[in-house]
Structure formats: structure tokens, C-alpha cells
Amino acid sequence: MQKPLDTDFVRDQFPAFKEPSLQGQAFFENAGGSYTCKPVLDRLFRFYHSRKVQPYAPYEASRLGGAEMDEARQRLAAMMGVDTDELSFGPSTTQNTYVLAQAFRQYLTPGDAIIVTNQDHEANTGPWRRLAEEGFELREWQMDPETGHLDTADLEKLLDGKVKLVCFPHCSNVVGEINDVVAICKMVRENGAYSCVDGVSYAPHGFVNVDEIGADIYLFSAYKTYGPHQGIMVIRRALGMELPNQGHYFNAPCLYKRFTPAGPDHAQVAACAGMADYVDQLYAHHFDGAANAAGRAKAVHGLMRGAETELMQPLLDYLGQKNSARLLGPTQAKGRAPTIAVELEGNAEAVAAALAPLGIMAGGGDFYAVRALQAQGIDPEKGVLRLSFVHYTSKAEIDKLITALDQTL
């Protein structure tokens with residue numbers, strides 16, 4: 001039996017909930033970036049105060065700083081079921097994807113095909129689409145315009161011997177449906193192609209075991225998983241060592257340096273270990289018995305999803321009954337993440353602005369998912385209202401949101 005999430009304990013780990021200026025405000029723009037947990041803030045504070053020197057030198061402050069950076073990589077990789085050097089940090093997921101696209105541009109042969117979707121955030125589709133200018137064939141896996149669903153039968157029709165790479169989201173940042181990553185990666189692999197999964201909108205709801213899902217590349221953003229502003233990328237060794245090195249030539253033998261041409265942000269990389277601290281805190285509070293890092297992450301993943309699913313269904317039911325709102329994506333919480341976008345009769349940004357005085361922090365716009373909105377017949381200029389939350393959201397905040405929506409829709 002799944003133990004329920006102790007929301008009070010969870011919220012105690014986030015200083016934002018004690019911040020006076022945020023009192024009375026319910027945060028529903030988590031898909032744009034989550035609150036930061038205390039272990040991350042503590043590590044960031046310590047690094048800037050006592051270890052803000054060039055790391056990996058023999059003197060103590062430098063040695064400790066380098067050790068913390070190594071710890072972040074080691075612990076996050078262990079949680080995600082991959083080897084330490086298969087995980088790397090970059091300034092953002094957008095930047096990581098751009099660097100990857102340059103590596104594939106050199107690696108592939110003009111005429112080779114790459115599949116992208118129109119369900120994506122632009123960060124995981126734009127860099128790949130630009131390769132069409134270099135002579136590569138771009139094929140679009142299109143979602144259903146009514147439901148936003150990506151059908152694997154449609155992907156199967158696009159796959160052939162020319163396809164070398166398939167890029168798709170674990171979860172769309174406006175549709176919210178959780179795609180069957182395991183089945184998609186298996187299909188791609190059996191076709192002899194590589195898979196690149198954008199996990200930015202899914203990772204806030206639980207760290208995945210990349211080995212289990214079978215992805216060749218998995219990308220997400222630490223600032224959406226309770227950490228600092230860093231992009232995190234897992235690339236499996238066989239592919240990573242085969243793609244052309246994008247870093248300094250002398251770093252080519254080191255997998256985690258091959259796709260980070262810029263120097264890392266030492267303090268933020270070190271602070272990412274705080275995300276592993278947080279997962280371990282949740283595990284210790286909610287579960288009995290020992291487990292390895294991947295096992296702890298998996299248990300906490302289930303804990304987060306259970307809490308989110310329970311909170312999400314009443315909101316989905318409410319929105320589904322509003323004639324003035326078109327709910328995007330699945331109507332059942334089990335098959336989606338709590339990133340809930342609705343098309344309204346008027347401008348979405350204006351509605352978000354009307355919610356603000358009522359204590360609701362939400363956003364309106366296109367959320368860099370212009371193609372996804374257009375594919376569903378929505379004018380990006382009008383945009384959608386996005387209401388996104390995570391496991392630290394309380395039932396009282398959901399109730400507050402519904403009351404505020406009643407006054408504005």
C-alpha cells in the first residue's frame with residue numbers, strides 16, 4: 001500500500017512557504033520553475049561563502065569544492081540508473097540540445113532523417129528542425145488536433161532505414177499527457193535509430209531511471225526539479241563516445257565533458273547534490289528499510305505522483321465542466337502530469353492577471369509551445385492559461401484556485 005505524502009513535512013523543506021512576501025499566494029506556475037528546496041540553498045550558500053575558488057586544486061577549499069561537484073554528478077546519476085560520467089551539466093536544457101544538434105550535424109549524413117513532434121516545447125524541436133538547412137530530412141510526428149495525443153502507430157509509419165534520431169517529449173508542457181516513453185524508445189531502438197527525450201516537463205514529478213526507460217538521451221532542467229538554474233543531460237556511453245566531441249579537444253576522452261563546451265557553473269553544479277539530499281529526506285521520512293539510490297528515487301517518484309494525481313482530478317473535473325474553458329490533454333489524472341492548460345474565450349494573460357489579486361500565481365501565453373498550440377487550433381497570440389503544480393501543493397491551494405477561477409472565468 002502506498003504511504004500518503006506528508007505535505008506538512010514536504011513544505012517544511014521549502015523556505016518559500018515561510019517567506020513573508022509569499023504568504024497568501026498559491027503558486028501554480030511550477031512548470032516554469034519550481035521553488036528551491038532547503039538542501040540546495042544550503043549547499044549554494046556554503047559554496048559561495050567558503051568554496052568559491054577554482055575547484056580541483058590541492059588546497060582544501062578547492063578540493064572540497066571539486067568534491068561537491070563530483071558528488072552531485074555521482075548521486076544524480078545513481079538515482080537515474082546510469083554511470084556517473086553519463087550525466088553532465090550545462091547552462092540550460094535549450095543550450096544542451098543546441099550542442100547536441102551540432103554534434104549530430106557532424107555525425108549524420110545529409111539525407112538522413114530526424115523525427116520531431118509538434119507537441120514539443122521549442123527547445124527540443126527548434127535545434128533539430130534547423131538541421132533541414134544542412135540537408136537533413138525532417139519528419140514531423142503530429143499529435144491529434146483534438147486530444148493532443150501522440151499515437152505510436154503514426155510514429156511507426158514515419159520510421160524507416162533513413163531515420164537516425166527521434167526527438168520527443170516525455171510530457172508536453174501544455175498538453176500534459178505522459179507519453180509511453182518505454183514503448184517509444186523500444187520502437188525507435190528496434191528501427192536502428194537513437195532516442196532523445198525531453199524530460200523537462202516530467203522530471204519535476206519524479207526522477208526517472210533512464211536505463212529502465214531505454215532512452216539514449218534524456219534532458220531536463222534542475223530549476224524545475226527544486227534546484228538551481230542548470231540543464232542536466234544523460235547521454236549513454238555508446239552514443240556519447242561516438243558523436244563528435246563538442247568540448248575542448250583535450251577533454252574528448254571524458255564523456256561528461258564532451259558536450260559542455262562552456263565551463264560549468266561550479267556553485268550551481270555543486271548545489272545540485274541538494275536535490276539528491278531532498279529525495280533522500282523524503283525517502284527516510286516516508287519509508288522503512290534500506291534501498292539503493294535508484295530504489296529511493298523510484299519510491300519517492302511514486303509518492304509524488306500519488307499525491308499529485310489525487311489533487312489533480314478535482315481540478316480536471318471542474319475545468320471539464322466549464323463551457324468557457326477548453327481543457328487541453330487528458331481529462332483523467334492518471335495519464336497526465338499536473339501541467340494543466342486551458343483555452344479561454346479571451347486573452348489568457350489577462351485572466352492570469354485577474355487571478356493575481358486573488359492570490360493565484362499563474363501564467364498565460366504560449367509557453368514556447370507555439371507549434372503545439374497551433375496544431376490544436378489555438379492562436380498563440382491569445383495563448384492558454386496554464387495551471388501547473390507539484391507534490392508540495394496543498395489541497396487548500398487547489399480549493400483556493402477553484403474559488404478564484406469561479407470569480408474570473
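The values are calculated or read from the model by the stated rules, or taken from the named source; none is laboratory data. Just so it is clear, the model here is predicted, and its values are computed rather than measured. In this analysis, Cβ positions are derived from the backbone assuming ideal geometry, glycine residues included, and neighbour counts consider all displayed protein chains. Surface accessibility is based on the protein's heavy atoms, side chains included, excluding ligands, DNA and RNA. Shrake-Rupley method; radii C 1.70, N 1.55, O 1.52, S 1.80 Å.
Condition check: out of contact with any Pro (no Cβ under 9 Å at 6 or more places or on another chain) and not assigned by the TED database to the domain that holds Y223. Does P15 satisfy that? Let's see the steps before the verdict.
Values: out of contact with any Pro (no Cβ under 9 Å at 6 or more places or on another chain): yes; not assigned by the TED database to the domain that holds Y223: yes.
For P15, the condition - out of contact with any Pro (no Cβ under 9 Å at 6 or more places or on another chain) and not assigned by the TED database to the domain that holds Y223 - is met.
Collect the residues in the range 309-322 that are open to solvent by 20 Å² or more (accessible area, probe 1.4 Å) and touching a residue at least 60 places away in the same chain (Cβ under 8 Å), keeping them in residue-number order.
L311, P314, Y318, K322 - these are the residues of the range 309-322 that are open to solvent by 20 Å² or more (accessible area, probe 1.4 Å) and touching a residue at least 60 places away in the same chain (Cβ under 8 Å).
Identify the residue in the range 262-293 that is in a loop (DSSP other than H, G, I, E, B) and touching a helix residue (DSSP H, G or I) at 6+ places or on another chain (Cβ under 6 Å) and, among all such residues, is surrounded by the fewest Cβ atoms within 10 Å (Cβ to Cβ). I'd like the intermediate steps shown before the answer.
Taking the range 262-293 first, the residues in a loop (DSSP other than H, G, I, E, B) are 262-265, 272, 287-292.
Next, from what is left, pick out any that are touching a helix residue (DSSP H, G or I) at 6+ places or on another chain (Cβ under 6 Å): 272, 287.
Numbers: C272: 27, F287: 15.
Ranking the qualifying residues of the range 262-293, first place goes to F287.
Considering only the range 236-261, state which residues are open to solvent by less than 60 Å² (accessible area, probe 1.4 Å) and aliphatic (A, V, I, L, M).
Once the filter is applied, which keeps residues that are open to solvent by less than 60 Å² (accessible area, probe 1.4 Å) and aliphatic (A, V, I, L, M), the range 236-261 yields L239, L243, A252, L255.
Given the residues R11, R51, which is the only one that is charged (D, E, K, R), touching a residue at least 12 places away in the same chain (Cβ under 8 Å) and farther than 30 Å from E349 by Cβ? Steps first, answer last, please.
Working: R11 fails: farther than 30 Å from E349 by Cβ.
The unique qualifying residue is R51.
Yes or no: the range 171-190 includes at least one residue that is farther than 29 Å from Q106 by Cβ and in contact with a Cys (Cβ under 6 Å, 6 or more places away or on another chain).
Looking through the range 171-190, at least one residue is farther than 29 Å from Q106 by Cβ and in contact with a Cys (Cβ under 6 Å, 6 or more places away or on another chain).
All but one of (1) touching a Lys or Arg at 6+ places or on another chain (Cβ under 6 Å); (2) under 22 Å from G66 (Cα atoms) hold for F259; state the number of the condition that does not hold.
Single failed check for F259: (1).
Pairs only if they're at least six apart or on different chains, beta carbon under 9 angstrom, first in the range 101-115 and under 19 Å from Y218 (Cα atoms) and outside the structural domain of L243 (by the TED database), second open to solvent by 30 Å² or more (accessible area, probe 1.4 Å) and of a type outside the set (K, R); list them, first residue then second.
Filtered contacts from the range 101-115: no entries.
Go through the range 1-34 and give me each residue that's assigned to a helix (DSSP H, G or I), aliphatic (A, V, I, L, M) and either on the phi > 0 side of the Ramachandran plot or buried (at least 20 other Cβ atoms within 10 Å of the Cβ) (or both).
Correct list: V10, A31.
Go through (1) open to solvent by 30 Å² or more (accessible area, probe 1.4 Å); (2) within 29 Å of I184 (Cα to Cα); (3) not hydrophobic (A, V, I, L, M, F, W, C) and name the single condition Y218 misses.
Every condition holds for Y218 apart from (1).
If you scan the range 200-222, which residues turn out to be hydroxyl-bearing (S, T, Y) and under 9 Å from the mean Cα position of the chain (by Cα)?
First, pick out the residues of the range 200-222 that are hydroxyl-bearing (S, T, Y): 201-202, 218, 221.
Result: S201, Y202, S221.
Run G306 past the list (1) assigned to a helix (DSSP H, G or I); (2) buried (at least 19 other Cβ atoms within 10 Å of the Cβ) and report the number of the one that doesn't hold.
So G306 meets the others, but not (2).
All but one of (1) within 17 Å of Q376 (Cα to Cα); (2) over 22 Å from the mean Cα position of the chain (by Cα) hold for K162, so report the exception by its number.
The number of the failed condition is (1).
So in the range 128-146, with the set limited to residues that are in a helix (DSSP H, G or I) and in contact (Cβ under 8 Å) with a residue 24 or more places away in the chain, which one is surrounded by the fewest Cβ atoms within 10 Å (Cβ to Cβ)?
E134
Sort through C185, C196, C171 and tell me the only one that's in contact with a Phe, Trp or Tyr (Cβ under 6 Å, 6 or more places away or on another chain) and open to solvent by less than 10 Å² (accessible area, probe 1.4 Å).
Within the list C185, C196, C171, the selection yields C171.
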